[in-house]
Amino acid sequence: MPEYDLFRKNFSNEKLLNSLKDSFISKISGEYSDLSPNLLINDYEHEKKIVTSIEEELSTCDAFDFSVAFINHSGIACIKQKLDYLSEHNIPGRILTTNYLNFTQPSALKEILSLFPNIELKVYDTEKMKKGFHPKGYIFKQSNYYSIIIGSANLTASALNANQEWSIKFISALDGQIVFSVREEFERIWNQAEKVDEQWISNYEKKYKENQIKLTQITKEKKYRKRKNF
């Protein structure tokens, strides 16, 4: 048995139905806990991290789709080992992000493009669309079911490991209505987004640097005002 098969869930529609009864009607036993919807949080004291669930799903998936508002180097580093494995085995993935607030690091986008040829990368341009972009969802196509994580966590180390975040992880049969709705919405936004290439990153990098200069200036002004008030 391959190492990553150890994470595969023993899935059936009947077991999924029983897990939903335990989760939403009456928790009788933990027999179906691996299929039950779960609240994912970061809790250092109890050794809980959102990234752990993402890593487990990446270890066994046949394909994956991420939708996150922000990406930085630290977030990629958290799951790089798994992404390397998926790249080596040519398992496809799609990552949808945004230029919202010019927060996503252009260097992180470069890293994805250069290291992971199996991953398609697109950006929802909030300036062109005149809409903000803030959904965070992680979709994993497994052999005979979907695992989905939806919540507040972006693809950053602080969000995946330390911040106060809430995310719900749930499992659905391939033909489930919730899977259809989530995938349909992902495809809708994906089709509105722009493919990321080196030229796109180069243009974005200029705006990113300008934004960093502004943020630095604002921080200096705040510190100056604070000292002046004292």
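Numbers for the structure displayed
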quantity	calculated
Leu58 being touching a Gly at 6+ places or on another chain (Cβ under 7 Å), under 26 Å from Phe11 (Cα atoms), at pLDDT 95 or above and not small (Gly, Ala, Ser)	no
Which listed residue, of Ser74, Ser67, Ser59, is among the hydroxyl-bearing types (Ser, Thr, Tyr) and over 14 Å from the mean Cα position of the chain (by Cα)	Ser59
Residue list for segment 85-117, filter: buried (at least 16 other Cβ atoms within 10 Å of the Cβ) and part of a loop (DSSP other than H, G, I, E, B)	Ile91, Asn99, Phe103, Thr104, Gln105, Phe116
Out of Ile148, Ile189, Ile139, Ile171, sole residue that is closer than 24 Å to Asn102 by Cβ and among the β-branched types (Val, Ile, Thr)	Ile189
Condition met for Leu160 (crowded, with 21+ Cβ neighbours inside 10 Å and modelled with pLDDT of 95 or more)	yes
Where Asn102 falls short, out of the listed (1) closer than 29 Å to Gln212 by Cα; (2) at pLDDT 95 or above	(2)
Matching residues, segment 134-187, being of a type in the set (Ser, Thr, Tyr) and either part of a strand (DSSP E or B) or in contact with a His (Cβ under 6 Å, 6 or more places away or on another chain) (or both)	Tyr138, Tyr145, Tyr146, Ser147, Ser167, Ser172
Output for segment 128-140, where each listed residue is crowded, with 21+ Cβ neighbours inside 10 Å and not β-branched (Val, Ile, Thr)	Phe133, Tyr138, Phe140
Count of residues meeting criterion [in contact (Cβ under 8 Å) with a residue 40 or more places away in the chain and either in contact with a His (Cβ under 6 Å, 6 or more places away or on another chain) or surrounded by fewer than 19 Cβ atoms within 10 Å (Cβ to Cβ) (or both)] in segment 118-127	2
Checklist (1) surrounded by fewer than 21 Cβ atoms within 10 Å (Cβ to Cβ); (2) touching a Ser or Thr at 6+ places or on another chain (Cβ under 6 Å); (3) over 24 Å from Asn144 (Cβ atoms) applied to Ile71, failing item	(1)
Segment 165-191: number of residues that are of a type in the set (S, T, N, Q), under 27 Å from Glu111 (Cα atoms) and surrounded by fewer than 15 Cβ atoms within 10 Å (Cβ to Cβ)	1
All positions within segment 42-68 that are touching a Ser or Thr at 6+ places or on another chain (Cβ under 7 Å) and either surrounded by 19 or more Cβ atoms within 10 Å (Cβ to Cβ) or part of a helix (DSSP H, G or I) (or both)	Ile50, Glu57, Val68
Filter result (buried (at least 19 other Cβ atoms within 10 Å of the Cβ) and within 10 Å of Phe116 (Cα to Cα)) within segment 74-84	Leu83
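The values are calculated or read from the model by the stated rules, or taken from the named source; none is laboratory data. All values reported here derive from a predicted model rather than from experimental measurement. Methodologically, a virtual Cβ is constructed for each residue, glycine included, from the backbone with ideal geometry; neighbour enumeration extends over all protein chains shown.
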